[in-house]
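Let me begin by presenting the structure, written as C-alpha cells, before commenting on it.
Just so it is clear, none of the values below were taken in a lab; they were calculated from the coordinates. A quick note: this is a predicted structure, and the numbers were derived from the prediction, not measured. Neighbour counts are summed over all protein chains in view; Cβ atoms, including those assigned to glycine, are modelled from backbone coordinates with ideal geometry.
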Amino acid sequence: MNRRYRKTIIAGNWKMNMTPTEARALLDAVKSQCAKAKWCEVVVCVPYIDIPLAVRVLKDCRVSVGAQNLHQETNGAFTGEISANMLKDAGVKYVIIGHSERRQYFGETDALVSQKVGRALDAELRPIICVGETLQQRDMGVTLEIVGAQVKAALSGVTADKLRRVVFAYEPVWAIGTGRTASTEQAAEVCNHIRTLIRKIYGARASRGVTIQYGGSMNDANAKELLSELDIDGGLIGGASLKAEAFAAIVNAANQ
Ligand code: PGA
C-alpha cells in the first residue's frame, strides 16, 4: 500500500451468507472491532436483504456498507433486480462489480461489467471492479493479457474525473475460496500491471490515486505481507470476513 497517494480499503464480501438475524451479531462485532481503524477504510459488502440493517448498525461509525451487484439499467421492468439508485438511496457507498462468481455463474461479460460500472458511477457509488485470470489462463501464460483486457473494458466509459471513485480488485479465480493465495510476487505483478495500464490511459497522476486491492484467500496470516507491496492497497475478503476476529486482524494489518 502507498497511503501517500491513495486510500487503503479492506472490504468484506459476505457473498450469499448471513440472514438478517445472523447478520446482526457479525455487524455488531465488526463495529466494535474495526471502527477505530484510522488509516484504512473498512467496508462490508452484504447481501441486499441485509443492507438496511447494516446501514442502521454502522451509522455513525467509520465502517461503510457495500452491495455485491446491481442491475445495468436505471429502472424499469426487470423483475427481481436492484438498481444503483436504490442502493444509493438505501445508504450504500460501494458496490462490487464483475466478481468472478458473477462472470462464471451468471454469464456476466466485460461489456456488461462496463455498463454496470457506468450505472454505479452515475449514482455516485464507488464500484469495486473485480478482474482476474483462471488457473488455465495462468498456466497458459496469458494472465496479464486477460486482466488487461478486463481492465480496459471496465474503464471504457469512465472519464478521468470519475476514475477517482473507481476501485479495482485483482482476484485470481483459482485463489478464491480455495485457501490457495497468490504469492506476494504474483499479486504485486498483476496489481502493478493494472496501474501501468491505467497510467497509459489516464496519466501518471490519476493512476497513482487508484486503490487496487488483492482478493483470493486473503486472511489474517497473509495480509501483512501482501499489503507490504506498494501496489496492493487493500483486500477484498470473502471467507475471512464472516469471522469478526479474522476480519479485524486483516483491518489491523492494513492500519499499521
Ligand atoms: P475468499 O473470497 O477470500 O473467500 O477467497 C474472496 C472473494 O471472492 O472476493
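Which residue, Gly80, Gly157, Gly91, tops the fluctuation ranking in a GNM of the chain built on C-alpha contacts under 10 Å?
For the chain, modelled as a Gaussian network with Cα springs under 10 Å, the answer is Gly80.
Using the Cβ atoms and a cut-off under 12 Å, what net charge is assigned to the surroundings of Arg103, where Lys and Arg are +1 and Asp and Glu are -1?
Counting the neighbours of Arg103, the net charge comes to -3.
Cβ neighbours within 10 Å, averaged per peptide: list 104-110, 65-71, 197-203 in order, most packed at the top.
65-71, 197-203, 104-110
Taking the beta-carbon count within 10 Å as an exposure proxy, list Cys40, Cys45 from fewest neighbours to most.
Neighbour counts put them in this order, fewest first: Cys40, Cys45.
Considering only C-alpha atoms, what is the centroid distance from region 111-138 to region 81-104, in Å?
10
Residues with beta-carbon under 13 Å from that of Arg180, excluding Arg180: net charge, scoring Lys, Arg +1 and Asp, Glu -1?
0
How big is the dipole moment of the chain about its Cα centre under a simple scheme where the beta carbon of each Lys and Arg is +1, that of each Asp and Glu is -1, and everything else is neutral? Debye, nearest 20, please.
It works out to roughly 900 debye.
Give me Met18, Met140, Met218 sorted ascending by neighbouring Cβ count inside 10 Å, so fewest comes first.
Ordered from fewest to most neighbouring Cβ atoms within 10 Å, Met18, Met140, Met218 come out as Met140, Met18, Met218.
About the Cα centre of region 53-125, what is the dipole size in debye to 20, counting +1 per Lys and Arg Cβ and -1 per Asp and Glu Cβ, all else neutral?
280
Where the convex hull is taken over the Cα atoms of region 9-254, what is its projected area averaged over directions, in nm²?
12.2
Just list whichever of Lys31/Lys59; Lys59/Lys93; Lys7/Lys162; Lys31/Lys243; Lys7/Lys38; Lys38/Lys243 have alpha carbons separated by over 18 Å in the model shown.
Lys38/Lys243
How would Thr184, Thr211 line up from fewest to most surrounding beta-carbon atoms within 10 angstrom?
Thr184, Thr211
Per-residue ellipticity at 222 nm for the chain, helices alone: DSSP H runs ≥ 4 residues times -39500 (n - 2.57), over residue total, nearest 500 deg cm²/dmol?
After summing the helix terms and dividing by the residues of the chain, the value is -12000 deg cm²/dmol.
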